[in-house]
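The values are calculated or read from the model by the stated rules, or taken from the named source; none is laboratory data. Keep in mind that this is a model prediction, so the values were computed, not measured. No Cβ is skipped: glycine too gets one built from the backbone with ideal geometry, and neighbour counts run over all protein chains shown. All accessible areas refer to the heavy atoms of the entire protein, side chains included, with ligands and DNA or RNA removed. Shrake-Rupley method; radii C 1.70, N 1.55, O 1.52, S 1.80 Å.
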Amino acid sequence: MADLSVNICGVDFKNPVIPASGVFGYGREYEEFYPLSKLGGIATKGTTLKLRTGNPSPRIAETPSGMLNSVGLQNPGIDHFISTELPNLLTKDLLVLANIAGSTPDECAEVAAKLDSTDVHMIELNISCPNVKQGGAAFGTSCEMAGEVTRKVREATKKPLVVKLSPNVTSITEIAKSVEAAGADAVSLINTLLGMRIDVNSGRPILRNNVGGMSGPAVFPIAVRMVWQVANAVNIPIIGMGGVSSGRDAIELMMAGASAVQVGAAIYTDPFAPVKIIDEMNEFLDQKGIKSVKEIIGAVKPW
C-alpha cells in the first residue's frame, strides 16, 4: 500500500481525504456507516457566533451533474460546537478543521478567538459570506476585503488558518495572494459557484433564495483550473475541492497542486464516497508504482 499521509501547515494527516464543510454536519450521522477514523479529517459545518436557522425552503435543487444549495449556514453556534460537537470529534482519531463564518471581520475574529483555546487542529475561514458592513458584498470578492477579514482572524488565533476561497471572482490568484499576505497558512478552493434554476411552470426560481451555490461534477474542471492557477501563484499549501467524485478526481486535483482534497456533493449520492475515494487513490498509486501520495502533488506537466 502507498503512503497516503500528507502534512499541511505542520499538521499530519493520515490520508488527504476530508469531507467538505456543510455536507457532513459534525460527523454523527455518518458514524452509522463507517468509523470516522478512516478519514484524513473533517471540515465541520460552517459555524457562526450565534445560532442560525438558515434560509427558508426549498433550499436545495438538482442541476445537470450537480446541485444548487442555499441552506444559509444553518448551525447551532460556536458555543454549542465547542461544548458538544468538538469534544465528540476529538475522540474519533481524525483531524478537525473548524469551518467558521461571520457577517463582519470582527465577528469572524470573535469566533476564531473562542476556538483558540480548544484542541481543534485547524480553522477554515469561509470568506464567501456577505459582509454586512460593505453592503452585503462577499468578503472573498475583493482583495481588500479578503485581506481584511483574514488579518482580523489571524490576529485572533494561533491555530493553523486555512482560508476558503470563492470562485465567483475575476482573479482567484489575486485573492489567494491577498490572503497569503494577510497571514493565511493555507487556502482551500473552490467554494460553490453561484447558480440559478427556474420552474418553467410557475415562473418562479426553484430556490426560495432565488440563487444558490452550485457544486458537483459539473464544476470539477473549474476547480482543477483554479487550483493549478493558485498553486503557481502562492507559496502556501492548497486543499482542493469542487466536484471530487472518485479517486482519480482526487489524484487529478493533487497533480494540479493540492496537498489534500475535500469531498462534498458526492456524499449526498453515496455516503461511502470519501472511503471509496481513499481506496481508489491507494489502488491508483499502487498500479503506478508510486510509493507516496506526496510525489504527485503539483506533478502536472503543462504543455
Taking segment 116-131 and the residues there that are of a type outside the set (A, V, I, L, M, F, W, C) and free of Cβ contacts under 8 Å to residues at least 60 places away in the same chain, the one that is nearest to residue 162 (Cα to Cα) would be 116
Looking across segment 227-251 at residues that are touching a residue at least 60 places away in the same chain (Cβ under 8 Å) and in a helix (DSSP H, G or I), the single one that is nearest to residue 268 (Cα to Cα) is 250
Kindly evaluate residue 119 against the criterion of being on the phi > 0 side of the Ramachandran plot and open to solvent by 10 Å² or more (accessible area, probe 1.4 Å). no
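Regarding segment 147-162, can at least one residue be identified that is in a strand (DSSP E or B), open to solvent by less than 30 Å² (accessible area, probe 1.4 Å) and within 26 Å of residue 7 (Cα to Cα)?
Looking through segment 147-162, at least one residue is in a strand (DSSP E or B), open to solvent by less than 30 Å² (accessible area, probe 1.4 Å) and within 26 Å of residue 7 (Cα to Cα).
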Taking segment 206-226 and keeping residues open to solvent by less than 40 Å² (accessible area, probe 1.4 Å) and assigned to a loop (DSSP other than H, G, I, E, B) leaves 207, 216
Segment 1-118: strands (runs of 3 or more DSSP E) wholly inside it with 3 or more residues that are at pLDDT 95 or above and within 28 Å of residue 147 (Cα to Cα) are 6-8, 11-13, 17-19, 41-43, 95-100
| query | Quick check, is residue 257 open to solvent by less than 20 Å² (accessible area, probe 1.4 Å) and not aliphatic (A, V, I, L, M)? | reply | yes
Checked segment 75-96 for anything touching a residue at least 24 places away in the same chain (Cβ under 8 Å) and among the polar types (S, T, N, Q); matches are 75, 88
When segment 183-205 is checked residue by residue, the ones that are over 17 Å from the mean Cα position of the chain (by Cα) and buried (at least 19 other Cβ atoms within 10 Å of the Cβ) are 195
Of (1) open to solvent by 50 Å² or more (accessible area, probe 1.4 Å); (2) under 24 Å from residue 280 (Cα atoms); (3) out of contact with any strand residue (DSSP E or B) (no Cβ under 6 Å at 6 or more places or on another chain), residue 92 satisfies every one except (1)
Subject >> Yes/no for residue 252 being among the acidic types (Asp, Glu) and within 18 Å of the chain's Cα centre (by Cα) >> reply: yes
When segment 170-182 is checked residue by residue, the ones that are surrounded by fewer than 18 Cβ atoms within 10 Å (Cβ to Cβ) and hydrophobic (A, V, I, L, M, F, W, C) are 181
